[in-house]
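Structure first, commentary second.
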Amino acid sequence: MTVSLHRFANPARFLKIAALVLPWASGLTVGLLGLGLYLGLVASPPDYQQGESVRIMYVHVPAAWMAMFVYSVIAVASATALIWRHPLADLVAQASSPIGACFTFLCLVTGSLWGKPMWGTWWMWDARMTSVLILFFLYLGHMSLSKAFDDPVRGAKAASVLALVGVVNLPIIKFSVDWWNTLHQPASVMRLDGPTIDGSMLTPLLLMALAFTMYYVALLILRVRAEMLDRKLRTARLAAVDAATVPAPAR
Amino acid sequence: MMESLVSFFAMGGYYAYVWPAYGLAAVVLGGLLVVSLRALRVRQAEVDRLEGGGRRRRAGGGGA
């Protein structure tokens, strides 16, 4: 009884909550993005050292935060799936990894576009950049592993294990700028002693980060719904195959 | 007006780095939305077709 409720009540409840959240998340994405882009591109001052190139920050840094945040969500969902076998957890993890991969890709390329004029190079094999590149490959691995088995349950389990092993990369990314010599600047927002970045730049940065977060929520809802339909179709197809191969019982 | 627009798009000489960064973000994030919506729509249509088809067959109606 409890098992069946656990299995079926949650996706239904998810759909109900998702239908309430989706319009809010979409509206907030548009509003925050509009405000963040205006403040970031027009109203905020150029940097005294980097000039106008600093505006790349308003895409690059939120993308980097999202790359790590989405991976944390995948890791928590994977642990939940492995330990409690929550029916939604695998769906959340699998729906998240393409989104996280996109944010990581954006972080890498915008970083490159910022690095060329500021550091004089598109790429350095230093700790920060290499560890983010590894994060990108972890996402790709997670995406392909979850689809690599005929049995989706085995695929989900393998992907969960990969996601949990890869968690070790998150603190390496975060602290790479402190532990190793690098061209990359150290943290200027998420510091124990408070942000060292000026308010006129911090505000658009946080607005863009919130916009990206809301966008992730909206995309996640759409993709989880697609994954749910996918499971439904798979079950229906298996039932059709069973009906075709197993001789029908006497009517 | 015209001048300030030109200087805005010039981005202090960094236009070749700033605008590709924003453009790529728009393409990647927008593309992700398009792909996600399309996947949802395709699957929903398939589910509707199966469920609708099942009803029609049960009702004794014609082919798929």
Looking at the P(r) of region A:92-251, how many percent of alpha-carbon pairs lie beyond 21 Å? 62
Treating each Cα of the protein assembly as shown as an identical point scatterer and ignoring solvent, apply the Debye formula and state log10 I(q)/I(0) at q = 0.09 Å⁻¹. -0.56
Contour minus end-to-end for A:ASN181 and A:ASP150, with contour as 0.36 nm per residue of separation and end-to-end as the Cα-Cα distance? 6.7 nm
Estimated FRET transfer efficiency when R0 is 25 angstrom, pair A:MET143-A:TRP84 (beta carbons, to 0.05): 0.60
Debye, to nearest 20: dipole size of region B:2-57, +1 on Lys, Arg Cβ, -1 on Asp, Glu Cβ: 640
Computed over the Cα atoms, what is the radius of gyration of region A:1-148 divided by 2.2 N^0.38 Å, N being its residue count? 1.31
Output the Kirkwood hydrodynamic radius of region A:169-251, Cα pairs only, in Å rounded to one decimal. 18.2
Can you tell me the relative contact order of chain A? Whole percent, Cα pairs under 8 Å, sequence separation 6 or more. 30
For chain A, with a Gaussian network of springs between Cα atoms less than 10 Å apart, report the residue from A:VAL217, A:VAL92, A:VAL42 with the top mean-square fluctuation. A:VAL42
How large, in Å, is region A:121-193 by the Kirkwood hydrodynamic radius built from its alpha-carbon pairs? 14.0
Using a 10 Å cut-off on Cβ to Cβ distances, tally the other chain neighbours for every residue of A:223-236 and report the average as a whole number. 4
The residues A:TRP65, A:TRP114, sorted from fewest to most surrounding Cβ atoms within 10 Å, come out as A:TRP65, A:TRP114
If unit charges are put on Cβ atoms (+1 for Lys and Arg, -1 for Asp and Glu) and the dipole of region B:2-57 is taken about its Cα centre, the option from B:LEU5, B:VAL34, B:LEU50 lying farthest towards the positive end turns out to be B:LEU50
For A:ARG231 and A:LEU202, what does the FRET efficiency come to when R0 = 51 Å and r is the distance between their Cβ atoms, rounded to the nearest 0.05? 0.75
If you bin every alpha carbon distance in region A:45-97 into 5 Å steps from zero, what whole percent lands in each bin? 5, 20, 18, 13, 10, 8, 8, 7, 6, 4, 1
Rh by Kirkwood over Cα pairs, then Stokes-Einstein D for region B:2-57 at 1.306 mPa s and 10 °C, µm²/s: 107
Between A:ILE134 and B:LEU37, Cβ-based FRET efficiency (R0 22 Å, step 0.05) works out to 0.10
Compare the Cα positions of A:PRO117, A:ILE99, A:THR80 along the charge dipole of region A:2-231 (+1 at Cβ of Lys, Arg; -1 at Cβ of Asp, Glu; about the Cα centre) and return the one farthest towards the positive end. A:THR80
If each residue's Cβ is checked for other Cβ atoms within 10 Å, how do A:SER131, A:SER72, B:SER36, A:SER160 rank with the fewest at the top? A:SER72, A:SER131, B:SER36, A:SER160
Give the order of B:GLU3, A:GLU227, B:GLU51 when sorted by the count of other beta carbons within 10 angstrom, beginning with the fewest. B:GLU3, B:GLU51, A:GLU227
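Coordinate-derived values only; no laboratory data. Just so it is clear, the structure is predicted and the values come from calculations on it, not from any experiment. Positions of Cβ are generated from backbone atoms using ideal geometry, with glycine treated the same way; all protein chains shown enter the neighbour counts.
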